[in-house]
Amino acid sequence: WYQTLIHLLKGNIGTGLLGLPLALKNAGILLGPLSLLVMGIVAVHCMSILVKCAHHFCYRFQKQFVDYGGAVMYGLESTPSAWLRTHAVWGRRVVGLFLILTQLGFCCVYFVFLADNLRQVVSAANDTTTDCNSNRTVALTPTMDSRLYMLSLLPFVVLLSFIQNLKVLSIFSMLANVAMLVSLVVIYQYIVRVRVLSLQIPVVYGVLGLWSDPCALWGAGVVLVWENCCSILLLSQVLPLENKMKNPRQFPVILYVGMTIVTILYISLSVLGYLRFGASIQASITLNLPNCWLYQAVKLLFSFGIFFTYAVQFYVPAEIIIPPLVARVSERWGWVVNLLLRVALVSVTCVLAILIPRLDIVISLVGSVSSSALALIFPPLLEIATYYVEGMHPLLIAKDVAISLIGFVGFVVGT
């Protein structure tokens, strides 16, 4: 159970976490944490819906395991609509497509994150001091554009993507976990020394902020909600995690405990980070840390963790896309095609990151396009498709429709 809990926490802690203080700046000190709490509860509920529906189909078809795509396909086959039953296989394909988009989207985020942090470390290298008590303004040394840093990182990331053995990747994943854990501890010990800000913090910059510009108003709430949803992508890992447990009956308790820890982490980092840096908060809180050796090391350490996490995130879309294409060529050329496809996929993520070199925008875009569908839109509709013919209470249907509509509005407006 403790291994499952660690995987659960790891799946929810990434670059999106570091962007939450900026999201809070847009959403407000009241609406922001409230949105995170509500979205955390809704996301856990959607996870439990997915697990329940998967169990239903395992029992019905006498299967040991049903994945996310399979559950959606079987759900469509259970509907009264003949058209949906005929095209049920598209349910699996659509889920697979969104999984690919989300995983590759996170890979784009990693390129931007690595470039931004490395660029800042290099720019401030000449003024880095041993005094970590003051956050003085330093004269940054001119350096390359962040997009050139992305291109410089590309060969190393390509080499990393050639690792196809999960056991080897698990070692890198463990190193990434340790690096990011140490970084978070150091970041927390710095931001808990909160200074009092002036009362210019937007208390409610959302539904009640009707005097605000409508685009800023929507953007405020949406950025925060979908930053959260980015990390809630763990939905795609919920069923595999449960299936691998020695005692799957413990999973619901682990899910609630794990997501409670994650929600507390999200709210505390967003509030304390914003209170610490105020309006000067950047797209990643690491970019606000002082220019002393300790916090420069934190940026490099977190970047080290994100670098190796790229390989883990890349594994999923690579396993979906590459094997069917390799199967079309002879065995002699299979390994060549495999490596070329990996180079092409990594290069695509790098090019997309160069085209949108803004960390806050990339994170929000990935969350809006893909994570909203996987985490909020599909699970409630799956519950309706699964149990409608067996009879559902109207309030239960209304609840599922409301959650899906929230997800769809976030998908459209956020994008």
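The values are calculated or read from the model by the stated rules, or taken from the named source; none is laboratory data. What you see is a predicted model; the values in this text were computed from it and never measured. Please note: Cβ atoms are built from the backbone with ideal geometry, for glycine as well, and neighbour counts cover all protein chains shown. The protein model used for the area step is the full one, side chains on, heavy atoms only, and it has no ligands, DNA or RNA in it. Shrake-Rupley method; radii C 1.70, N 1.55, O 1.52, S 1.80 Å.
Whole-Hz Karplus values for region 336-352 come out as 5, 4, 4, 5, 5, 5, 5, 4, 5, 5, 5, 5, 4, 5, 5, 4, 4 Hz, taken residue by residue from phi with 6.51 cos²θ - 1.76 cosθ + 1.60 and θ = phi - 60°; glycine and proline positions read x.
The Cα atoms of region 347-415 cover 51, 22, 12 Å along the three principal axes, with the biggest extent listed first. Computed 3J(HN,Hα) for region 44-60, one whole-Hz value per residue from the Karplus formula 6.51 cos²θ - 1.76 cosθ + 1.60 where θ = phi - 60°, is 5, 4, 5, 4, 5, 4, 4, 4, 5, 5, 5, 4, 4, 6, 4, 5, 5, glycine and proline marked x. With each label modelled as a point 7 angstrom along the Cα→C-beta vector, the TYR2-ALA279 pair spans 4.8 nm.
For the cross-link pairs LYS63/LYS244; LYS25/LYS399; LYS52/LYS167; LYS244/LYS399; LYS63/LYS399, the ones whose C-alpha atoms lie over 24 Å apart are LYS25/LYS399; LYS52/LYS167; LYS244/LYS399; LYS63/LYS399. One decimal place: the segment GLU319-GLN62 gains 89.9 nm when fully extended, by the rule 0.36 nm per residue minus the C-alpha distance.
Remark on CYS292: its backbone amide H falls under 5 Å from those of THR129, a criterion applied only to residues 5 or more positions apart or on other chains, H modelled at 1.01 Å from N. Phi-derived couplings, Karplus 6.51 cos²θ - 1.76 cosθ + 1.60 at θ = phi - 60°, listed residue by residue for region 96-110: x, 4, 5, 4, 4, 4, 5, 5, 5, x, 5, 4, 4, 4, 5 Hz, with x used for Gly and Pro. Each label was represented as a point 7 Å from its Cα along the Cα-to-Cβ direction; for ALA125 and GLN189 these points are 2.6 nm apart. FRET efficiency for the pair TYR388 and LEU34, taken as 1/(1 + (r/R0)^6) with r the Cβ-Cβ distance and R0 = 45 Å, rounds to 0.90. Once both labels are positioned 7 Å from their Cα atoms along Cα-to-Cβ, the gap between LEU151 and ALA297 label points is 3.4 nm.
What ranking of TYR74, TYR274 comes out by heavy-atom accessible area, probe 1.4 Å, highest first? Let's see the in-between values first.
Working: TYR74 30, TYR274 10 Å².
Result, largest first: TYR74, TYR274.
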